[in-house]
Amino acid sequence: MTTTEHGSQGPLEGVRVLELAGIGPGPFAAMLLADLGADVVRVDRPGGAGLGIDPAYDLTNRNKRSVVVDLKAEDGPGTVLGLAERADILIEGYRPGVAERLGVGPDAALARNPRLVYGRMTGWGQDGPLAERAGHDIAYIALTGTLSMIGRPGEPPTVPANLVGDYAGGSLYLVVGVLAALQHARLPGGRGQVVDAAIVDGAAHLATMIHAMLAAGGWQDRRGSNLLDGGCPFYGTYETADGQYMAVGPLEQRFYDEFGALLGIGEEAPDRWDTTRWDELRARVAERFRTRTRAEWTEVFEGTDACVAPVLSLREAPAHPHLAARATFVEHGGLTQPAPAPRFSATPASVRGGPARPGADTEAVAADWAVPGLARNGDARPE
């Protein structure tokens, strides 16, 4: 694996992470650790796992290395435990009890490596009435109340892809958890432990501020009726003359004044804090936005503090001048992709390698991690 021109792979250089292959939030969490410089080895299963995406395009496996181990083979669990013995962090996303039945559960792994941080990624958590039930992002955010907040009043809740549950409530909390546990394990007298990262816990935690506002009477428990959920006419999206959209968010008075002047709604517009006239204000704003195209409105608000931005598509976003200047998106191996985040002044992270191909790195990992049995077990190669 190569380093950047600054001589660093990132702030986690030297940290070893073992990822037991899965889909969704587990692989993304491992990718984030890999982006930050950790040596992440993904243990793929024979025949592969995932949603059917070509491994060459699976960006959540970038910056990793892959070995193939059959956990159902006689020597499979021992091989994985040999890797765990040399790792700092292990990540798995099986249903509760599956890792134990396969012989690679936390008790077995911590017996071999008492300072190992064993990260468990699930939707429902390791215990509770639903712990052993199947589920996906949409069910997790539904149960926590998070999904109920998203969408227009009188319409079904809007599904926010799988960003709020899987990745925000799942992956990011798992990463915070395993890094906090790693810090503890490295203290004098510190020890390893299990990190139970449940998407329901993370998705609920994300809404802490909303619960505070609800308790204080500043949030109504119905979607599309509040300051930050699209109910407010100066915090939402508006269609333009060409069928595109502009995002509007001038919450502070000075920003709203600039917004109103540039939009041309004039002083005759309803008082923005008179919620009984929000529908009237929204109609006035919508009418004005429909008079020009997205490009024309973008030019009007360019360089101002009116807090207005064009709503760009996934393919448009990388070309935006600000994102291009910051290299928010990068190209590696012919694939345009989000760059590692956040940024570090002394230990910059980078995309060092493309998506790991199942089994392609078995010999190198066996040598680097000093696990000779791995080379015998993982003889699979990418086709």
query = Within the group 229, 242, 274, which residue is closer than 28 Å to residue 301 by Cβ, out of contact with any Asp or Glu (no Cβ under 6 Å at 6 or more places or on another chain) and buried (at least 18 other Cβ atoms within 10 Å of the Cβ)?
reply = 229
message = Condition check: over 29 Å from residue 146 (Cα atoms) and modelled with pLDDT under 95. Does residue 269 satisfy that?
response = yes
query = Is it true that some residue in segment 171-186 is in contact with a Leu (Cβ under 8 Å, 6 or more places away or on another chain) and either in a loop (DSSP other than H, G, I, E, B) or at positive phi (or both)?
reply = no
query = Restricting the first residue to segment 178-202 and requiring it to be buried (at least 19 other Cβ atoms within 10 Å of the Cβ), which pairs with a second residue that is of a type in the set (S, T, N, Q) meet a Cβ separation below 7 Å and a spacing of at least six or different chains?
reply = 181/193; 192/113; 198/122; 200/144
query = What is the residue count in segment 274-319 for residues that are more than 12 Å from residue 245 (Cβ to Cβ), of a type in the set (A, V, I, L, M, F, W, C) and in contact with a helix residue (DSSP H, G or I) (Cβ under 9 Å, 6 or more places away or on another chain)?
reply = 6
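The values are calculated or read from the model by the stated rules, or taken from the named source; none is laboratory data. As the structure is a prediction and not an experimental result, all values here were calculated from the model. Heads up, the Cβs are rebuilt from the backbone with ideal geometry, glycines too, and the neighbour counts pull from every protein chain shown.
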